[in-house]
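Let me begin by presenting the structure, written as structure tokens, before commenting on it.
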Amino acid sequence: MKMKQTILMLMAMMMTLAVEAQVKPTVLGDKHAMVKVKQDVKYLLLPVQESEEIAAIAVLNGQNEMVQRLNVKLAIDRVDYLVPLEIRNEKLGMRNDDVVLLDIEFHGDRRQKGAVGEFVCWKEMKYSNTFDTTNRERFRPAYHHTPLYGWMNDPNGMFYKDGVWHLYYQYNPYGSQWENMTWGHSTSRDLIHWDAQPLAIEADWLGAIFSGSCVTNGNEVVAFYTSAGHHQTQSMAVSKDSGRTFKKYSGNPVLSTSDIPDFRDPKAFWNEDIKAWNLILAAGQEMRIYSSKNLKDWKYESSFGKEYGNHSGVWECPDLFKMRNEEMGNEKWVLICNINPGGPFGGSATQYFVGQFDGKKFTCESMPKVTKWLDYGKDHYATVSFYNAPENRRVVLAWMSNWQYANQVPTKQYRSGNSIPRDLGLFRCGEETYVSVVPSKEMLAVRGEKVKKPTEACEIIIDVKNQAEILLSNTKGEQVVMRYDAAKQTFTMDRTKSGDVSFSEAFPCTTEAPTYGQIKQLRIFIDRCSIEAFDVDGKMAMTNLVFPSEPYNNIKVKGGKVTIYDIKH
């Protein structure tokens, strides 16, 4: 019996191992090749070389119908990593007995690369029934959301339903740099620990799947997203299984325009004040607002943005919601506007406006030239909120990177994570109303034991006086310096000597935030490659990436009392 079990185990292991059969291409020209793939396996593993140019791949099924197209930086002379192409995919009409044909066109000058038939990608392509997503990155965060592999940017379509938080995100399954935009999907019951789910919405002939939103409508989840083809149009898809799978609406696109190329990122929501749906989307350097009774037919109502706030880059990823401040005794609407470039320290960032909204028009209460930033770090972008969050909370996540260097940060298996979850509120300072930002209460649930020194995943509490200086360092001489100046009402973070800063001239920097009054306590979250600092009252937030060669294991504080908690993960 034991022998039989051993044989069965060995057979099962062999079924999951990659088959080392070499792929033989048919070379049709100096930039063109075809590959026939017929295997009773799930994946063809494609070798990627990030320094190369894109190879355009058309996937044809057994009936010579193109069922998929993707762009991959196929390896020419070295392999950085492998990505899986699902070749036994019933969704694409590919069956086990199909001969799948890959029609591959290489871009760029091949005169210095050698003959197409000699490229290393053909020798390194492998068949497999599995794809190993075991973490191989020392910089991968311990308690922040990241994709198992591949590229991630904007959070999309976030909603809460039946005790589950749903996070969709801009995702490239075929490389760890931006390309092939689809909606990836993760779920969580505690906002901290995330489970990867199958791809939610994939590209079609209207275009790649750019950013958007989800609403719950009875038992359905309705997604709105940008179809990014020759022009950007807005499409809709409906899920009847709580957001696991979506069926695209046959009447797509539901919104289109001919007057502007940047027309994207629809954010829909139910507006109880007018008993109708609203939708806000980015159009160049303004936001356009629409209304609907049925989620399908949208009426243009107004635009906002001319002369207001920062206009140094393209406006993207809007959000619009109402919040109440009990101390102030009133309700105000907040319009989130992500911008790239134009951030306070270069690249991408999140600005916002406070005012009133009547279902048709948003009116900002500040003077046009006033600019308010939600986070004063370099690595906080595409901030949007969860739809239908419990307890009337306004919970947001951001993409924790910057377009100046996001494609170059020193990881390969994956690139980019999300910020920790944050709850928004309102506060007054002088004549202005600002948005407060505090770590969501779920972060308290993962607070562990007190420790004497910083760890690679910890929370640092600092009770500060009038002035404070915080020095995080390691034995390699790498350091991050934070300073609170009570007289100037500023908080700064210097990462110029934080570790590896060589991958981009834009990375080494010092960021500075106003504190809008006195800070009594700081909460600082460290997670392998990130530092997020908050005023305990929510009046200041700052998010910066760092890439130290070893964790910061020493802290020196002048002008404050330190308490350090390990974070459970």
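The figures follow:
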read-out	value
The stretch 98-124, subset small (G, A, S) and farther than 11 Å from A55 by Cβ, residue modelled with the lowest pLDDT	G114
Strands (runs of 3 or more DSSP E) (entirely within the stretch 433-495) containing at least 2 residues that are surrounded by 14 or more Cβ atoms within 10 Å (Cβ to Cβ) and among the hydroxyl-bearing types (S, T, Y)	490-494
Among the candidates K412, K361, K322, K378, residue that is of a type in the set (D, E, K, R), in contact (Cβ under 8 Å) with a residue 60 or more places away in the chain and within 24 Å of S213 (Cα to Cα)	K361
Hits in the stretch 230-289 (condition: of a type outside the set (D, E), open to solvent by 50 Å² or more (accessible area, probe 1.4 Å), over 26 Å from P198 (Cβ atoms) and part of a loop (DSSP other than H, G, I, E, B))	H230, H231, S256, S258, P261, I274, K275, Q285
Selected residue (only one of G538, G499 is closer than 23 Å to G425 by Cα and outside any strand (DSSP E or B))	G538
Criterion (open to solvent by 10 Å² or more (accessible area, probe 1.4 Å), out of contact with any Leu (no Cβ under 7 Å at 6 or more places or on another chain), in a strand (DSSP E or B) and not β-branched (V, I, T)) met by exactly one of E391, E327, E331	E331
Complete set of residues in the stretch 485-495 that are more than 14 Å from S530 (Cα to Cα) and either charged (D, E, K, R) or within 30 Å of the chain's Cα centre (by Cα) (or both)	D485, K488, T490, F491, T492
Residue within the stretch 297-315 that is of a type in the set (K, R), within 19 Å of T216 (Cβ to Cβ), surrounded by fewer than 16 Cβ atoms within 10 Å (Cβ to Cβ) and over 28 Å from the mean Cα position of the chain (by Cα) present	no
Restricting the stretch 290-324 to residues that are assigned to a strand (DSSP E or B) and among the aliphatic types (A, V, I, L, M), the residue that is nearest to K361 (Cα to Cα)	L320
Restricting the stretch 180-214 to residues that are touching a Gly at 6+ places or on another chain (Cβ under 7 Å) and more than 28 Å from E65 (Cα to Cα), the residue that is surrounded by the most Cβ atoms within 10 Å (Cβ to Cβ)	G212
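Each row is one residue, and each column tells you yes or no for (1) in contact (Cβ under 8 Å) with a residue 60 or more places away in the chain; (2) open to solvent by 70 Å² or more (accessible area, probe 1.4 Å); (3) farther than 23 Å from A203 by Cα; (4) not aromatic (F, W, Y).
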{"position": "K38", "(1), (2), (3), (4)": "yes, yes, yes, yes"}
{"position": "K42", "(1), (2), (3), (4)": "yes, no, no, yes"}
{"position": "P47", "(1), (2), (3), (4)": "yes, no, no, yes"}
{"position": "S51", "(1), (2), (3), (4)": "no, yes, yes, yes"}
{"position": "A58", "(1), (2), (3), (4)": "no, no, no, yes"}
{"position": "Q63", "(1), (2), (3), (4)": "no, yes, no, yes"}
{"position": "R69", "(1), (2), (3), (4)": "yes, yes, no, yes"}
{"position": "L74", "(1), (2), (3), (4)": "no, no, no, yes"}
{"position": "R78", "(1), (2), (3), (4)": "no, yes, yes, yes"}
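The values are calculated or read from the model by the stated rules, or taken from the named source; none is laboratory data. Because the structure is predicted, anything quoted here is derived from the model rather than measured. Don't worry about glycine lacking a Cβ; one is built from the backbone with ideal geometry, like all the others, and counts go over all protein chains shown. Areas reflect the complete protein model, heavy atoms only, side chains present, ligands, DNA and RNA absent. Shrake-Rupley method; radii C 1.70, N 1.55, O 1.52, S 1.80 Å.
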